[in-house]
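*Asks:* One structure follows; several queries about it will come next.
The values are calculated or read from the model by the stated rules, or taken from the named source; none is laboratory data. Keep in mind it's a predicted model, so treat the numbers as computed, not measured. Here Cβ is always computed from backbone atoms with ideal geometry, including for glycine, and neighbour counts include all displayed protein chains. Ligands, DNA and RNA are stripped out before the accessible areas are found, and what is left, the full protein with its side chains, is counted by its heavy atoms. Shrake-Rupley method; radii C 1.70, N 1.55, O 1.52, S 1.80 Å.
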Amino acid sequence: MNRYFKLSLLAAASLGLIGTAQAADEVEVLHWWTSGGEAAAVQVLKEDLESKNVGWQDMAVAGGGGDAARTTLKTRVTAGDPPTAGQMLGMAVRDWAEQGSLGNLNEIAATEGWEDVVPSAVKAFAKYEDDWVAAPVNIHRPHWVWSNPQVLADNGIDAPPSSWEEFNAAAEKLQANGVIPLAHGGQPWQDATIFEAVVLGLGGADFYQKSIIEADEEAITSDTMKAVFDQMRTMRGFVDPNFSGRDWNLATAMVLNGEAAMQIMGDWAKGEIVAAELIPGEDILCSLVPGTEGSFLFNTDFFAMFNVGDDKQAAQMQLASSILAPGFQETFNLTKGSIPANMQVSDENFDLCGQKSMADLKAAESAGTLMGSLAHGHGQPSAVQAAYVDVVTEHFNSDMSSEDAVQKMAAAVADAQF
Ligand code: BGC
């Protein structure tokens, strides 16, 4: 390009006549948000950036829970061609930071006061060795029961179950009446989502802390953990014969259309309810998994910012800045089903389930019962997480006894730690 042409291009750009080079004005974002509610949430982010003249190159990799997305991300980064940002769960942020693949967001974090608005438990993953490396977009809670009140009422069940006895009794009643009690998708991460909720629900916060966060052998092989596997076996009897491999959002749809009564799932299911123009807390009820009131398992979706060339950094910083902005956090999380990671956002416009989650988060933070979700990458590093999940899935899909399951889990977890 000759000098004259270059100068006129710059002049035209500064007058706003043309955009600057496309790559500089664009972010490429890898994520796994492909269900109806998830895609609507992505749209909120995309439009926010477009309003700031930053283009969006979509890199969506289907697959709930992000298993496929993690593989694609690895391939891209290993090939030396990282996207601008990648959606990831807590422990993965640490892994990528440890490998030196992530950029530094300290400047923008300081300018925008992230330190004071993000809860410490989330900050523990967004920062690596004191440097901000990822922007948290939300806080999800995986241990909800989503239930169809009409289906419950039609079967003589007044309210969602608040104890395991009630849960099992309601499910048996529904089943006897020909209704699928539990909508479930048999994918390992979905099995694990139920499992961790039962661990917390039957064992309580201290037991979750010991058996999952601390991977304590005695807790893993305890009678309480055997009771957890017994309950998993009981619940296996409450799912329909076609559960294997079903996507989570199809299971949510079964509750929405009355084919099934309940689903145990994170509040991304609320995104599906909103996308279907139903009112969460009214048309579809949200209640906590029995026994988990007073505790809060969390998972946050982070956008980790990869090391990219100088020409792409302005757009990347705009993405980071947009993600934490209070207005965006409100609109995004109303669509996604989660609650804001920026604690300054008021709960005023949230539905009953969102308001409960926001209040419960604060209470759990002060009570010391706010803990990372194992199923969703905040409980253990990926190898140890996989050791737990493999046993859970194997048990759910076989006739393995609870005694064998706890022994197998203890051995697999111990192996994975070394
Ligand atoms: C993510 C959610 C996502 C869900 C299902 C979870 O691990 O945190 O954002 O909606 O997986 O895909």
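*Asks:* At a 10 angstrom cut-off on C-beta neighbours, averaged per residue, how do the peptides 232-242, 191-201 rank from highest to lowest?
*Replies:* On the way: 232-242: 16.4, 191-201: 27.1.
Listed from highest to lowest mean packing, they are 191-201, 232-242.
*Asks:* Give me the Kirkwood hydrodynamic radius of segment 242-382 in Å, from all C-alpha pairs, to one decimal place? Don't skip to the end; give the middle numbers.
*Replies:* Details: mean 1/r = 0.0589 Å⁻¹.
Every distinct Cα pair counted, the radius reaches 17.0 Å.
*Asks:* A further question follows. Measure out, as a whole number of angstrom, how far apart the alpha-carbon centroids of segment 54-77 and segment 198-266 sit.
*Replies:* Segment 54-77 and segment 198-266 have Cα centres spaced 27 Å from each other.
*Asks:* Here's another thing I want to ask about it. Under a 5 Å amide H to amide H cut-off, with H placed in plane at 1.01 Å, what residues pair with residue 33 once short-range neighbours are removed?
*Replies:* 61
*Asks:* Moving to a separate point now. With only alpha-carbon pairs counted, each pair once and no self-pairs, how large is the Kirkwood hydrodynamic radius of the chain in angstroms? List each step's numbers first, then the result.
*Replies:* Values: mean 1/r = 0.0450 Å⁻¹.
Final number for the Kirkwood radius of the chain is 22.2 Å.
*Asks:* Which one of 211, 149, 186 has its Cα pushed farthest toward the positive end of the charge dipole of the chain, where Lys and Arg give +1 and Asp and Glu give -1 at the Cβ?
*Replies:* Looking along the dipole axis, the top candidate is 186.
*Asks:* So, one more: Arrange the peptides 297-309, 34-46 so that the one whose residues have, on average, the most other Cβ atoms within 10 Å appears first. Show your work: numbers first, answer last.
*Replies:* On the way: 297-309: 23.9, 34-46: 19.2.
Listed from highest to lowest mean packing, they are 297-309, 34-46.
*Asks:* Hey, another quick one. What does the charge dipole of segment 23-97 about its Cα centre add up to, to the nearest 20 debye, if the Cβ of each Lys and Arg holds +1 and the Cβ of each Asp and Glu holds -1? All intermediate terms of the calculation are to be shown ahead of the outcome.
*Replies:* Details: 6 positive and 11 negative charges, 65 e Å.
In total the dipole reaches around 320 debye.
*Asks:* Something else now. Quick one: of 123/210; 270/336; 123/362; 226/408, which pairs are farther than 18 Å apart, Cα to Cα? The partial results should precede the final answer.
*Replies:* Numbers: 123/210 22 Å; 270/336 7 Å; 123/362 15 Å; 226/408 12 Å.
In this structure, 123/210 exceed 18 Å between Cα atoms.
*Asks:* Using Cα pairs under 8 angstrom and six or more residues apart, how large is the relative contact order of segment 120-211, in percent? Please report the intermediate quantities before stating the final value.
*Replies:* Values: 40 pairs, mean separation 14.7, N = 92.
Relative contact order here is 16 percent.
*Asks:* May I ask you to compute the full-extension gain from residue 110 to residue 346, defined as 0.36 nm times their residue separation minus their alpha-carbon distance, rounded to one decimal in nm?
*Replies:* Values: separation 236, 0.36 × 236 = 84.96 nm, distance 2.21 nm.
The span from residue 110 to residue 346 would gain 82.8 nm if fully extended.
*Asks:* DSSP loop (so not H, G, I, E, B), at most 12 other Cβ within 10 Å: list which chymotrypsin sites (Phe, Trp or Tyr not before Pro) in segment 33-124 pass both filters.
*Replies:* Working: sites: 33, 56, 96, 114; in loops: 33.
Passing sites in segment 33-124 do not exist.
*Asks:* In addition: Starting from one equal scatterer on each C-alpha and no solvent at all, send me the Debye-based log10 I(q)/I(0) for segment 360-407 at q = 0.16, 0.17, 0.29 Å⁻¹, two decimals.
*Replies:* Taken in order of the listed q values, log10 I(q)/I(0) reads -0.60, -0.64, -0.97.
*Asks:* Something else: Answer rounded, prolate or oblate for segment 133-274, using the Cα gyration tensor with square roots of eigenvalues a ≥ b ≥ c: rounded when a/c is under 1.5, else prolate when a/b is larger than b/c, else oblate. Please report the intermediate quantities before stating the final value.
*Replies:* Numbers: a/c = 1.88, a/b = 1.29, b/c = 1.46.
The shape class here is oblate.
*Asks:* Here's something else I'd like to know. Take segment 23-181, drop everything but the C-alpha atoms, weight them equally and run the Debye formula without solvent; then report log10 I(q)/I(0) at 0.09, 0.19 Å⁻¹ to two decimals.
*Replies:* -0.46, -1.23
*Asks:* Could you report the chain's accessible area per residue, 1.4 Å probe, as an integer in Å²? Can you show the working numbers first?
*Replies:* Numbers: 16920 Å² over 418 residues.
So the chain comes to 40 Å² accessible per residue, rounded to a whole number.
*Asks:* While we're on this one: Accessible area of the chain with a 1.4 Å probe: how many percent of it is carbon plus sulfur?
*Replies:* Working: 8480 of 16920 Å².
Looking at the chain in its full context, I get 50 percent from C and S.
*Asks:* Something else: Treating only the Cβ atoms of Lys and Arg (+1) and Asp and Glu (-1) as charged, compute the dipole magnitude of the chain about its Cα centre; round to the nearest 20 debye. Please list the in-between numbers first.
*Replies:* Working: 23 positive and 57 negative charges, 185 e Å.
The calculated dipole for the chain is roughly 900 debye.
*Asks:* A further question follows. Hey, got the Cα dimensions of segment 92-188 along the principal axes, in Å, largest first?
*Replies:* 59, 28, 20 Å, listed from the longest principal axis down.
*Asks:* Going highest first, how would you order 267-275, 73-81, 58-66 by mean Cβ packing within 10 Å? Spell out each step's value before the answer.
*Replies:* Numbers: 267-275: 26.0, 73-81: 13.1, 58-66: 18.7.
Ranked from most to least packed, the peptides come out as 267-275, 58-66, 73-81.
*Asks:* From zero up to wherever the largest Cα-Cα distance of segment 241-316 sits, split into 10 Å bins and tell me the percent of pairs in each.
*Replies:* Per 10 Å bin, starting at zero, the Cα-Cα P(r) for segment 241-316 comes out as 14, 36, 24, 14, 11, 1 percent.
*Asks:* Determine the principal axes of the Cα atoms in segment 175-233, then give the extent along each, sorted from largest to smallest and rounded to whole angstroms.
*Replies:* Projected onto the principal axes, the Cα atoms of segment 175-233 cover 41, 22, 17 Å.
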